[in-house]
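Notes to accompany the following structure.
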Amino acid sequence: MDERDNYNNNSPLESNYQQPYIPKHEKTEPEGAFNTFGSAGAQQNIHTPPPPPQSNNYGSQGGCGQPDNGYGQPNRNFSNPQQGSFGQQQYSGGYYQQPNRPVYDRFMYEPIGFEELERGNGSSDAAEKKSRPTSEKAIAALFFILVFIAAGISVFGIVHDLLKSDELVDKIGNPQQVVLYKESKPKGANDTENFKDENGRYTTEGAAALVKPSIVKIYTYADYAGYVAKKTVGTGSGIVLNEEGYIVTNAHVLQADGYHKVETVDGDFFDAKIVGRDAKTDIAVVKVNAKDLTPATLGDSDEAMVGEQVIAIGNPANLSNTVTDGIVSAVNRKIRSDSTGFEMNCIQTNADISPGNSGGALVNMYGQVIGITSSKYVSAEFEGLGFAITINEASPVIEELIKNGFVAGRFRIGIRLRDMETDAKREALEELIGYKLPEDFKGIYIDSIDEDSDIANTDLKKGDFITEINGKTVSTYDELYDTISSQYEAGDTVPATCAHVDKDGNVSYYSIEFKLMEDTSGNY
């Protein structure tokens with residue numbers, strides 16, 4: 001007889017009884033029973049324990065008041081501990097079900113997913129629910145123990161350091177005195193003769209040491225009264241020319257009606273008097289009542305070479321006797337003054353030149369002044385573009401100022417002007433007057449007219465233009481100056497054509513004549 005046939009045997013207790021299948025190797029002998037074998041070889045139990053009391057299951061299927069699961073075994077309700085819980089005896093239709101046994105259907109010989117049941121550990125879910133809280137509590141307890149230990153160690157360390165701090169300091173002891181090792185330059189390294197070679201060329205420090213005593217700082221004051229109330233309006237530099245106290249500087253460093261003082265390299269102060277100033281060339285000379293000043297040696301700027309090493313000495317940012325070095329970047333640069341429009345011959349250098357350097361010296365390596373530092377190219381896009389008026393061009397002006405107080409032969413018209421040399425200047429002029437000029441129109445715009453000049457007595461008005469001098473078209477400062485200086489001198493009468501341009505672009509021309517005046521002020 002096949003063991004699988006036992007699955008469908010009818011129960012002697014109930015007609016709907018289905019015997020759960022149990023393999024032979026798992027069948028156990030109840031205590032107090034023995035087996036006998038019949039002719040058919042079927043195993044029979046001689047002694048069977050009485051069945052448990054039959055429960056009242058009204059209207060139930062499969063026992064325990066639960067629907068049958070399709071295999072004659074009631075479904076287990078895990079939410080109700082009294083219904084179908086593992087590890088308890090259950091009664092299905094009066095039939096005793098052996099607890100903790102897997103159920104086999106007719107198609108299976110091995111249990112699936114009941115390893116824990118086979119080991120007799122009871123319900124896996126119940127075990128998991130039982131063990132999970134225990135594990136969490138253990139982890140939490142371990143965490144708090146570790147935190148407590150760490151806090152204890154920290155407190156112990158702090159207390160230990162506080163109590164033992166004096167002892168630790170005593171162990172360190174008093175700090176040892178630090179010994180700094182210094183060396184001096186070799187003997188004679190700072191001697192002047194070591195800064196000069198056999199050809200008379202100085203090193204940078206030699207040239208600076210030679211020329212620095214000849215550079216002074218010039219203070220300009222306004223509203224000076226009785227040496228008490230004075231207001232500094234600027235500082236600049238100057239070069240001592242001789243022992244008698246003549247000092248050359250830039251004209252824009254001084255004020256024609258201001259008060260000036262000079263400070264030497266030794267820190268001595270002297271009142272300074274303007275001997276003469278020429279705004280056109282930006283050269284001026286002052287004099288102090290001082291003796292034994294150290295004059296600078298003037299060189300020949302025509303001998304300057306591109307790439308030649310030079311130094312600039314001055315007082316930038318009110319810092320006395322500052323030395324910067326560089327080279328001659330270019331020679332014979334024609335630089336026009338922003339204030340007068342006059343063009344001067346200059347040396348270009350990359351030695352740093354800053355406000356306060358004006359009137360200082362550009363010096364070659366033979367200790368010779370070859371230029372008067374006067375300006376720099378101011379732009380956020382360019383660096384290292386400084387300029388110095390060549391000493392050869394400045395010397396005749398210096399001599400004229402010392403001799404006459406002004407440059408003889410200079411004439412002045414008595415006007416301040418704007419030219420249209422470039423498109424940018426033309427656009428700036430149109431922005432100033434507030435309207436466009438005719439495209440083919442050229443001339444010199446009159447900004448102002450001096451009341452003491454002869455041209456103030458003519459029909460020329462502020463805002464008009466001078467377009468021609470004696471029949472020659474002029475539209476720039478150079479054209480005006482060159483045309484007049486080539487034909488006329490101070491005291492001569494000059495014919496000119498002028499124009500008035502209205503907002504509609506209409507041009508009205510008229511002619512004037514004016515007398516040139518000698519310029520002794522140096523302001524033109």
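List of remarks:
- √(5λ) per eigenvalue of the Cα gyration tensor, the stretch 184-331, largest first, Å: 31, 19, 14
- The stretch 282-321, accessible surface, carbon-and-sulfur percent (1.4 angstrom probe): 49 percent
- Proximal charge balance of Asn332 [Cβ under 15 Å; K/R count +1, D/E count -1]: -3
- Environment charge of Ala424, counting only residues whose C-beta is closer than 13 Å and scoring Lys/Arg +1, Asp/Glu -1: -3
- Overall dimensions of the stretch 268-357 as given by Cα atoms, namely Rg and Dmax in Å: 15.3, 39
- Cα centroid separation, the stretch 278-352 to the stretch 475-524 (Å): 33 Å
- Rg in Å to one decimal, and Dmax rounded to a whole Å, for the stretch 444-513 via C-alpha atoms: 12.1, 38
- For the stretch 328-448, carbon and sulfur atoms together expose 46% of the accessible surface, with a 1.4 angstrom probe and every protein chain in place.
- Normalised per residue, the accessible area of the stretch 207-352 is 45 Å², obtained with a 1.4 Å probe and no contribution from ligands, DNA or RNA.
- Computed extension gain for Glu244 through Val178, at 0.36 nm per residue and net of the alpha carbon distance, reaches 18.4 nm.
- Radius 12 Å from Cβ of Lys436, net charge of other residues (Lys, Arg +1; Asp, Glu -1): -4
- Approximate spin-label separation Ile327-Ile149, in nm, with each point projected 7 Å along Cα-to-Cβ: 7.4 nm
- Accessible carbon and sulfur surface of the stretch 185-280 relative to its total accessible area, %, 1.4 Å: 48 percent
The values are calculated or read from the model by the stated rules, or taken from the named source; none is laboratory data. From a predicted model like this one, the values you see are computed outputs, not experimental measurements. Glycine also receives a Cβ, built like all others from the backbone with ideal geometry; neighbour counts cover every protein chain displayed. The protein model used for the area step is the full one, side chains on, heavy atoms only, and it has no ligands, DNA or RNA in it. Shrake-Rupley method; radii C 1.70, N 1.55, O 1.52, S 1.80 Å.
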